[in-house]
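Working notes for the structure below.
The values are calculated or read from the model by the stated rules, or taken from the named source; none is laboratory data. Just so you know, these numbers come straight off a predicted model, no measurement behind them. Note that we place each Cβ from the backbone using ideal geometry, even for glycine, and neighbour counts take in every protein chain shown.
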Amino acid sequence: MSSLSQHFTFSFAHPVYSFLVHPNGKFAYAAMVWADLQGNNNASIVLFTIDQSTGKLTNTKQIVAFYSHAYIGFIKFLFGAQGGKLFAEYLDNGPHTTIFGYDYYPVNSITGQLGKLQSMFYAQTNSCTTSCAVAVTGALSAAEGVCCGPGSGGLQIARNSTGQSFNCDASNQTFCGDDVANLAIVPANTSLFVGDATVNETFIGNINFTTSQLTASASTIPGTPPVYFSPDSRLVYAVNLNDIGIYVLHTGTGVLGATTTLPASGTVNIATATLHN
Amino acid sequence: MMKVFSPVILLLTLYANSLAQTSSTVEVLYVAGPQGKSGVSLHTDNVNPQTAVATQVGSPISVRNGSIDPLTIGTNHYVYVWNSTASGFIGRMPTGRR
């Protein structure tokens, strides 16, 4: 086995909030987020190129996106699986307002340039202060971007490519009406993991756009830990305070199979990869 | 005057021939922690998709408050470990292991 390591240090005028690698391996992006003296929430995204043979980064110093707003600030960036969209989760914390939502930048996969920011969806309720959540994932198909929200009384599940959507509330599934600690969608877009803050348990709802229903899996995960998935959706990782719960996921049914735990003390960052020989 | 921030990115290059030879697909879990403390380590585990059993691969790598971005280009696998505020740290990669 062999391996190499390289270190790069780049200077920026503002803190880098997120560094993202485009799925096609040609580009990377450094997203800076900061507040200015007027209290505006600002964000700039700088384009990098990646050497295809070495992985080395080159800072083009091109700012491919700039955003500024008095109340709305970005809190998360991520690519869909195909890289056609750079999703940006935001928090609108204006007066008497708490809104979580997602916008996206269209991505030119040839040049790496970002297009004009596009609206996707948002979640807003009067009781949203502590228990709203939104989630998005890039689909493996052209149906890129399933979204969910707002929690606290009901969930709306939408397929952005078609505009199709349906609601789930307590009359459909009890967990749909409870307070939501977090939401996560399987990359295959088959299931929605709902961290239910009311009963401190994570439920799995299978998404069916044919019947417009969210059906409950027989499996649950204790607590409401952040959950992550392998890119091929076969494994689920629940990051608990002292360990990482690893679950085999049957994507057709949303049922969890074999389970193990991996000790991990303190706050950890994780990432997953599915590698092909 | 604006303060200049200098993110550090550690690039690990991993070769396909370092992967388990018994399977055409390998599920990998990268864990960096504990965050917010000195002595953060990056661990790599292969995870069996039938049993969910994680098996550590190689030795942990010292990083600092690392966020992780894996990338595959062809048969090469890269892991970008970045930190928005650190400067001047020296990472290391064990020779011959991933």
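Would a scan of the stretch A:41-51 turn up a residue that is surrounded by fewer than 16 Cβ atoms within 10 Å (Cβ to Cβ) and in a loop (DSSP other than H, G, I, E, B)? Yes; the residues of the stretch A:41-51 include at least one that is surrounded by fewer than 16 Cβ atoms within 10 Å (Cβ to Cβ) and in a loop (DSSP other than H, G, I, E, B).
Taken together, the residues in the stretch A:233-255 that are in contact (Cβ under 8 Å) with a residue 60 or more places away in the chain and in contact with a Leu (Cβ under 7 Å, 6 or more places away or on another chain) amount to 1.
Please report, ordered by residue number, the strands (runs of 3 or more DSSP E) entirely within the stretch A:170-277 with at least 2 residues that are surrounded by 15 or more Cβ atoms within 10 Å (Cβ to Cβ), among the small types (G, A, S) and at pLDDT below 90.
A:180-185
Could you list all residues from the stretch A:1-22 that are part of a loop (DSSP other than H, G, I, E, B) and at pLDDT below 90? Hits for the stretch A:1-22 are A:M1, A:S2, A:F10, A:S11, A:A13, A:H14, A:P15. Residues of the stretch B:20-68 that are farther than 17 Å from A:A273 by Cα, within 7 Å of chain A (Cβ to nearest Cβ) and among the small types (G, A, S): B:G33, B:G36.
Of the residues making up the stretch A:33-42, not a single one is over 24 Å from B:S62 (Cα atoms), touching a residue at least 40 places away in the same chain (Cβ under 8 Å) and of a type in the set (S, T, N, Q).
Residue-level analysis places A:C148 outside the set of residues that are assigned to a loop (DSSP other than H, G, I, E, B) and modelled with pLDDT under 80.
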